[in-house]
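Working notes, beginning with the structure itself.
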Amino acid sequence: MLSRTPGKADDARELGAVDLLVTTDDAQLARAASRFDLILDTISGPHDLSPLLRLLTLEGTLSVLGFPMQTPVNLMELSFGRKKLSSSGTGGTRHTTELLSFAAEHGITADIELLPSAQIRQAFDRLERGDVRYRFVLDLADLD
């Protein structure tokens, strides 16, 4: 598992990861260069793709799933190693429903923190501080 902070190591292992690579540690990044065939990038904010591209093997793929951002990409980082960069679309209502049905059928869950929609300001403040353990989900049941 790749993470910006080392505090998720125990969670990573509980979820089946062999190890945790801290992406803010330059020495760890250097040792992991050309290590991964596929990286699923679920970072929920703007960030530089270059460090992740350097972790890919020959013909490896970086798939950005978390944040639909506009970002510059150093094409040389893709060219050296014939690397690929992809992203996902939102899928729309029909595909989202299919995804949720598939997850329910197969017992696939996510680690989230559920908040009432009235706490949206606190959620945004915590997101800005990086004080979120994985993902927030807003419960809209309290809306009229």
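Please enumerate the residues belonging to the range 20-77 that are among the hydrophobic types (A, V, I, L, M, F, W, C), exposed (fewer than 15 other Cβ atoms within 10 Å of the Cβ) and in contact (Cβ under 8 Å) with a residue 12 or more places away in the chain.
Once the filter is applied, which keeps residues that are among the hydrophobic types (A, V, I, L, M, F, W, C), exposed (fewer than 15 other Cβ atoms within 10 Å of the Cβ) and in contact (Cβ under 8 Å) with a residue 12 or more places away in the chain, the range 20-77 yields 33, 38, 40, 58, 65, 67, 69, 73.
Residue by residue, here is whether (1) free of Cβ contacts under 8 Å to residues at least 60 places away in the same chain; (2) assigned to a helix (DSSP H, G or I); (3) more than 25 Å from residue 46 (Cα to Cα); (4) under 20 Å from the mean Cα position of the chain (by Cα) holds:
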| residue | (1), (2), (3), (4) |
| --- | --- |
| 99 | yes, yes, yes, yes |
| 103 | yes, yes, yes, yes |
| 120 | yes, yes, no, no |
| 125 | yes, yes, no, yes |
| 128 | yes, yes, no, yes |
| 131 | yes, no, no, yes |
| 137 | yes, no, no, yes |
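A short reminder: the numbers here are calculations on the coordinates, not readings from a lab. All figures in this text were calculated on a predicted structure; none of them were measured in a lab. Positions of Cβ are backbone-derived with ideal geometry, glycine not excepted, and every protein chain shown enters the neighbour counts.
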